[in-house]
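The values are calculated or read from the model by the stated rules, or taken from the named source; none is laboratory data. Here the structure is a predicted model, which is why all the values come from computation and not from measurement. In this analysis, Cβ positions are derived from the backbone assuming ideal geometry, glycine residues included, and neighbour counts consider all displayed protein chains. Protein only, heavy atoms only, side chains kept; ligands, DNA and RNA dropped before computing areas. Shrake-Rupley method; radii C 1.70, N 1.55, O 1.52, S 1.80 Å.
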Amino acid sequence: SSVAQEIKDTSVGRSKWLDAHYDPVANLYTFTSCIALSDLHGDGDNKLVVGDLGTGVCNMKLKVYRGTGLLSESTLLDLPTGLVSFLMDLHEPRTPAIAVASGPFIYVYKNLRPYFKFTLPSLEVNPLEQDVWSQAKEDRIDPMTLKEMLEGIRDKAEIPLSVKSLRYLMLDLQEMEAFVHLHKDQPIRRQTVITCIGTLKKNMADDDAVSCLVIGTENSDIYILDPEAFTILCKMSLPTTPTFMDVTGQFDVEFRITVACRNGNIYILRRDSPKPKYCIELSSHPVGLVRIGRNVVVGCTHETLHGYTQKGKKLWTAYLPAPVTTMALMDLPARAFQAVLVALANCEVHMYRDKNLICTIKTPDVVTSICFGRYGREDGTLLMTTKGGGLIVKILKRTAVFDDKDSAPGPPIAQSIRLNVPKKTKLYVDQTLRERENAVAMHRAFQMDLSRLRLATARAYVKALESSLTPVSESPTEPLKMNAVVQGLGPSFKLTLNIQNTAACRPVMNIAISFLYDEHLYSMKTAFFKIPLLVPGLNYPIDTFVECLSDKGISDIIKVFVLREGRSAPLLTAHINMPVSEGFALN
C-alpha cells in the first residue's frame, strides 16, 4: 500500500527492519518520557504503557497496549510529565508497578489498579503573604489594597507567591471581591510540580532488582524515594529546573544522576554530594539526553548531537539535517549493541553509534516518542508515536548487521582518531626550563648561525657562477645537458655549444638559444638560434662567432639561455667566461 511504501527505510537501513504495524489514527499523543515497556503480569509478555496527553486540557489517560490492540485505559486527573516501570518489593509474583508523575503527585499503579499516591512536600510560604491574607480574612483591607500589597511582595520578596495569590493578581477588578470571599478561609500553600522522573536500583544491579524512584521538581530539587514506604531517602539541589534525567548505579553502593536543566547546562550528581559534581555547558538548550556506557549523548536545539564523558569532556559533535524532536536508547544486550535513536522534524529517525550514522528510517509523520526493547515476546522492537497520534511498530530482523562506519557523507573516520602523543619526559621538561631561562642567548646564537648559513650559500652561488660548470636541466619534462667550448686567440672567437637530450625515449622540440652579452665589448653575428628536434642520446653542436670590440685587454661573461616556446622562465642557463683577446696586443 501507499502508507507501507512511505514508511520503508532508506537505502542506508534497508532490510534491517520489519514493518510490523502502523495505525495512523491510534490517537496517542505523548512524549518519550511518558512511554515504557513492562511485563505487567509477570508472564513474559511485555506490554506498552503510555501516558496519553489527550487534548492537553482533558481526556488524559493511562493506556496499555498488547500487540496491536488497546488492552486497557485509566483516566488521569492531570497531564502526565513522566512514566516509569519499576519493581517496588520482593513479593511473589514479581510484577512491576507503574509510576505516573502528574503535577505535584506520583500515582502508583499495581496490576493496573491505583495503589498509592505520593505528594511532594510543601514549600515555605512567604510570611508577608500570610499576613496580608489574614488581614483580608478579617476584612481589614479591601480587594484593591490586597492586590497592591501582593504586587509589592511579588516584586521584592525572595520567596515566590503561592498559586492562590498569583491567580488573584490575574483577575479583573469586578472578580476580585468574589475570589476573596471564596478563598480567604483556605490555608495558603506553595506546591511545586514534577518535571522529570527516573528509577535507581536499590542495592543490586540485576534486571529484577528493587528500584527507587528519582524525581526532579520545578523548584530545582532532586528527590530519591523509598520503593516501599515512599519516604524521601535523599534530597539534592540544582542551580535551576531539571528537564531531562538519566540515572545509573545503586543507591546503597554508588550512583550517578545526569540532569539536563533549563538553563542549557548538564549537571552530574553523585552519592553523598548534595550539590552537582560536574557541569557541562552547552552551546544551545538540550532537547534530549541519553547515556551510553560512560558517555553522555545530548541533542540540542541548534540541530547538533554532542558526545561527552561523564566528567564533562567533549568527545565529538554530529550535525543533523533537521531539529531534534526526541531521543531514546537502543539497547540489545544479546548482541552487546547500543546506539542512540534520534527522531528529527523532517520525518526521519537516525541511529547513531558514537558520531557515526549507521541507519536511517523514514516515517510518514514527525515522531514525538520512541521506545525500544522487548514488546510481547520479541526483543528488538521499535515503537514510535507520531505528531498526528499514529503508532508505528517495527521489528529488528535477526539477520540485521550494523556497520560501524559512518554512512553520512563527510571526512573519513580516521580523521577523528586521536594521535597517540607520548607523555612529557623529564628530559623534555628540563629542556623546556633551560630554554625559558636562556631564551635571549639562544635567539642570538640562532641569528648568528642563520647569518653564517646565508653567507655560505651566497659564496657557493658565486663560486658556481665563476666556475661555469656544465649546466644540467632539472625539469622532468625537458631533460637537457649543455657545455660550451671557446676557440681562438682574439679578437675573433669561435663559440661552440653542445646540447644533448638526456631523456630515455622522449624527444625535445620547440626550443631556442639566446645569448646575453655586453654590446660595448662583444658583437655576435647571430645571437638567437632555433634548435631542431633533439633526439635522445645524440649530441648537437651549435657554432657561432664572437668579435671582441675592446683593445684594453679586458673580458666579460656571456650568458646563454635555453628557452621554450610559450614559457617565460628559461629551461637552462649557462655562464661562459670569455678569454682575454690577444690580437690587439700583438698589433
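Quick check: anything in the range 146-155 assigned to a helix (DSSP H, G or I), open to solvent by 80 Å² or more (accessible area, probe 1.4 Å) and within 24 Å of Thr240 (Cβ to Cβ)? Break it down stepwise before answering.
Our first condition is that a residue be assigned to a helix (DSSP H, G or I); within the range 146-155, this holds for 146-155.
Those left that are additionally open to solvent by 80 Å² or more (accessible area, probe 1.4 Å): 148, 154-155.
Now restrict to residues that are within 24 Å of Thr240 (Cβ to Cβ): 154-155.
Yes, because at least one residue in the range 146-155 is assigned to a helix (DSSP H, G or I), open to solvent by 80 Å² or more (accessible area, probe 1.4 Å) and within 24 Å of Thr240 (Cβ to Cβ).
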What are the pairs, 6+ residues apart or on separate chains, where a residue within the range 508-534 that is at positive phi has its Cβ under 8 Å from a residue that is in a strand (DSSP E or B) and modelled with pLDDT under 90?
-> Asn510/Arg564
Kindly indicate which of Ser134, Ser102, Ser162 is free of Cβ contacts under 8 Å to residues at least 40 places away in the same chain and in contact with a strand residue (DSSP E or B) (Cβ under 8 Å, 6 or more places away or on another chain).
-> Ser162
Can you find even one residue in the range 304-314 that is more than 14 Å from the chain's Cα centre (by Cα), closer than 21 Å to Val84 by Cβ and of a type outside the set (Phe, Trp, Tyr)?
-> no
When the range 84-114 is checked residue by residue, the ones that are of a type outside the set (S, T, N, Q), open to solvent by 10 Å² or more (accessible area, probe 1.4 Å) and within 22 Å of Asp207 (Cβ to Cβ) are Val84, Leu87, Asp89, Leu90, His91, Glu92, Pro93, Arg94, Pro96, Tyr109, Lys110, Leu112
In the range 491-531, how many are under 13 Å from Leu563 (Cβ atoms) and either of a type in the set (Asp, Glu) or in a strand (DSSP E or B) (or both)?
-> 12
Flag if Glu175 is in a helix (DSSP H, G or I), modelled with pLDDT under 85 and open to solvent by less than 70 Å² (accessible area, probe 1.4 Å) = no
Name the pairs: first residue in the range 73-99 and in a loop (DSSP other than H, G, I, E, B), second residue β-branched (Val, Ile, Thr), Cβ to Cβ under 6 Å, at least 6 apart or on different chains?
-> Leu87/Val210
Restricting the range 178-203 to residues that are free of Cβ contacts under 8 Å to residues at least 40 places away in the same chain and open to solvent by 60 Å² or more (accessible area, probe 1.4 Å), the one nearest to Phe244 (Cα to Cα) turns out to be Pro187
When only residues in the range 341-378 that are of a type in the set (A, V, I, L, M, F, W, C) and more than 22 Å from Asn46 (Cβ to Cβ) count, which is surrounded by the most Cβ atoms within 10 Å (Cβ to Cβ)?
-> Val342
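Kindly establish whether Leu87 is over 23 Å from Ser369 (Cα atoms) and of a type in the set (A, V, I, L, M). Break it down stepwise before answering.
Working: over 23 Å from Ser369 (Cα atoms): yes; of a type in the set (A, V, I, L, M): yes.
So Leu87 fits the description; yes.
Please work out if Lys156 is closer than 30 Å to Gly288 by Cα and basic (Lys, Arg).
Working: closer than 30 Å to Gly288 by Cα: no; basic (Lys, Arg): yes.
Here the answer is no, as Lys156 does not meet what is asked.
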